Amino acid sequence: MPRRIIDLSVTLDDKPTSPAHHRPQITRTDHDSAWDLFGKLLPGVGPEHLPEGKAWAVEQVALSTHAGTHMDAPWHYHPTTDHALVPGGRPSPGIDEVPLDWCLQSGVKLDFRHLPAGHLVTAEEVAAELARIGHTLQPLDIVLVNTCAGTRHDEEDYWKSACGLGRAATLYLLERGVRVVGTDSYSWDPAFPFVIERFRATGDASVIWEGHKAGRDIGYYQMEKLVNLEQLPATGFTVSCFPIKIKRGSAGWCRTVAILDTP
């Protein structure tokens with residue numbers, strides 16, 4: 001059957017898809033400036049020996065594991081996880097320990113583009129959206145959240161332009177067997193300025209990073225900085241999202257795509 005593949009990953013670049021402390025630093029060496037190293041590794045070889053005198057192009061990249069489209073591991077949220085499933089919990093896995101079968105599963109898109117920046121999505125809103133699209137969650141469904149940040153990846157305010165999911169909404173998904181989720185926002189939670197505003201207004205420490213911290217109760221993997229979710233239907237597609245293996249990493253960069261069968 002013919003397939004359509006939609007790229008859900010941003011291009012890794014020094015762009016507003018990450019705030020300044022997460023933005024990659026890319027040093028580029030082109031085919032003409034690479035001869036110093038090329039000639040040392042291949043003594044006696046010079047520009048006259050290769051077509052048009054061109055050596056190789058290479059890049060040196062310095063970046064956070066949370067730059068660009070990436071997948072967070074339970075280790076990012078807390079040193080232990082699954083406290084709701086196992087007495088005392090268990091050590092949190094790193095990104096190199098994600099079960100591979102979790103990374104190629106049926107996708108479900110929740111459309112929250114109408115919700116304003118800073119809104120804390122509730123379990124009731126998740127349930128209502130699932131009812132609207134007529135979907136009953138299945139174990140290992142990969143749930144993607146389409147926010148109003150999805151088309152703002154090149155804007156400086158991108159990182160604080162979306163709604164986020166709270167603890168109750170996150171646990172609603174996890175308790176139904178979801179183990180991989182994703183958002184086109186900078187964070188699964190609302191952006192930090194909204195979180196600190198809520199904390200100062202209530203004095204309730206449980207609001208701090210609450211969607212992420214739900215991973216202490218039930219371990220899950222979370223993709224951030226996705227793109228093109230507006231091109232997806234609510235259901236009827238497969239998500240492929242295998243992260244780079246970084247030993248005990250809190251996250252790994254991810255080339256995430258959606259695969260749609262087409263008639």
Please give the length that would be gained between Arg4 and Arg176 if that part of the chain were fully extended, namely 0.36 nm times their separation in residues minus their C-alpha to C-alpha distance (nm, one decimal). 59.1 nm
Reported label for calculated Kirkwood radius over Cα pairs in Å given (1) 20.3; (2) 18.9; (3) 19.7: (3)
Taking H as built 1.01 Å from N, whose amide H comes closer than 5 Å to the amide H of Ser9, not counting residues under 5 places away? Val227, Thr256
Apply the Karplus parameterisation 6.51 cos²θ - 1.76 cosθ + 1.60, with θ equal to phi minus 60°, to every residue of segment 53-59 and state each ³J(HN,Hα) to the nearest whole Hz, in sequence, with x for glycine and proline. x, 9, 8, 9, 10, 9, 10
Say each of Ala128 and Arg113 gets a label point 7 Å from the Cα, pointing the same way as Cα to Cβ; how far apart are those two points in nm? 1.9 nm
Can you give the extra length, in nm with one decimal, that the chain gains between Leu260 and Ala84 once fully stretched, where that is 0.36 nm per residue apart less the Cα-Cα distance? 59.9 nm
Partners for Lys54 among aspartates and glutamates (Cα-Cα distance below 16 Å; same-chain residues under 8 apart left out): Asp30, Asp32, Asp36
Near the amide H of Met223, under 5 Å away, which other amide H atoms are found, from residues 5 or more places off or on another chain, if H is placed in the peptide plane? Asp72, Val181, Gly182, Thr183
Relative contact order for the chain, counting Cα pairs under 8 Å that sit 6 or more residues apart, in percent: 31 percent
What's the longest piece of the chain with no exposed GluC sites (Glu not before Pro), counting a site as exposed if DSSP puts it in a loop and it has at most 14 other beta carbons within 10 Å? 1-154
Ignoring ligands, DNA and RNA, please state the percent of accessible area on the chain from carbon and sulfur, probe 1.4 Å. 55 percent
Name all residues of segment 117-154 having a backbone nitrogen under 12 Å from the label point set 7 Å from the Cα of Arg200 along its Cα→Cβ direction, giving them as ranges. none
Figure the gain on full extension for Ile208 and Asp96 (residue separation times 0.36 nm, minus the Cα-Cα span) and round it to one decimal in nm. 37.7 nm
What are the semi-axes of the equivalent ellipsoid of segment 146-263, taken as the square roots of 5 times the eigenvalues of the Cα gyration tensor, listed largest first and rounded to whole Å? 25, 18, 15
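Taking a threshold of 21 Å on the Cα-Cα distance, which of the pairs Lys40/Lys247; Lys225/Lys245; Lys213/Lys245; Lys160/Lys225 fall above it?
Long pairs (Cα-Cα over 21 Å): Lys40/Lys247; Lys213/Lys245.
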For the Leu50, Ile26 Cβ pair and Förster radius 22 Å, calculated FRET efficiency rounded to 0.05 is 0.35
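Give the calculated FRET efficiency between Thr136 and Glu59 to the nearest 0.05, with a Förster radius of 41 Å applied to their Cβ-Cβ distance.
After rounding to 0.05, the efficiency reads 0.35.
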If you count only protein heavy atoms with a 1.4 Å probe, what accessible area per residue comes out for the chain, rounded to a whole Å²? 48 Å²
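The values are calculated or read from the model by the stated rules, or taken from the named source; none is laboratory data. Bear in mind that the values here come from a model prediction, so they are computed numbers and not experimental data. Cβ sites come from the backbone with ideal geometry, for glycine too, and all protein chains shown count toward neighbours. The area values use the complete protein model at the heavy-atom level, side chains included, leaving out ligands, DNA and RNA. Shrake-Rupley method; radii C 1.70, N 1.55, O 1.52, S 1.80 Å.
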